[in-house]
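Right, one structure below, let's go through it.
The values are calculated or read from the model by the stated rules, or taken from the named source; none is laboratory data. Quick caveat, the model's predicted, so the values are computed rather than measured. Note that each Cβ is placed from the backbone with ideal geometry, even for glycine, and that neighbours are counted across all protein chains shown. These area figures cover heavy atoms from the full protein model, side chains too; ligands, DNA and RNA do not enter into them. Shrake-Rupley method; radii C 1.70, N 1.55, O 1.52, S 1.80 Å.
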Amino acid sequence: MLEQRQFERKPYTETFYFAVSVLDIVNTKVLNLVARGVDISEGGIGIKTDYPLEPGHVLRLQNSGLPKQVGVVRWSRNGEGNGIYMAGVKFV
């Protein structure tokens, strides 16, 4: 299988807060949530969270100490079948 990643990933297990804006039927809500890192690279981070993120969601990474403070969800899936979701976030 051909490796498509541009940057080498390294383990990253810190917990941090992030905010995401979601469209409710009429209003946009800003949710403040918690994530735990899985791995990190120069280009993005893999995370676990209890909120079902969707590709295209823009995350503001708050007080995380991460190299970038904004990221876009590239992919998401129900990772463990117990309400924990995994997502790949590209730094922007």
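Things worth noting here:
- Considering only residues in region 9-49 that are part of a loop (DSSP other than H, G, I, E, B) and surrounded by fewer than 11 Cβ atoms within 10 Å (Cβ to Cβ), the one that is modelled with the highest pLDDT turns out to be T13.
- Of all residues in region 53-63, those being assigned to a loop (DSSP other than H, G, I, E, B) and surrounded by fewer than 18 Cβ atoms within 10 Å (Cβ to Cβ) number 4.
Matching residues to (1) small (G, A, S); (2) in a loop (DSSP other than H, G, I, E, B); (3) surrounded by 19 or more Cβ atoms within 10 Å (Cβ to Cβ):
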position: Y51; (1), (2), (3): no, yes, no
position: G65; (1), (2), (3): yes, yes, no
position: W75; (1), (2), (3): no, no, no
position: V89; (1), (2), (3): no, no, yes
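- Pair list, Cβ < 7 Å and 6+ apart or interchain, from region 6-31 residues that are closer than 13 Å to R60 by Cα to residues that are open to solvent by less than 80 Å² (accessible area, probe 1.4 Å) and of a type in the set (S, T, Y): F16/S64; V30/S21; L31/Y51
- Residue list for region 69-92, filter: under 18 Å from Y17 (Cβ atoms) and free of Cβ contacts under 8 Å to residues at least 12 places away in the same chain: Q69
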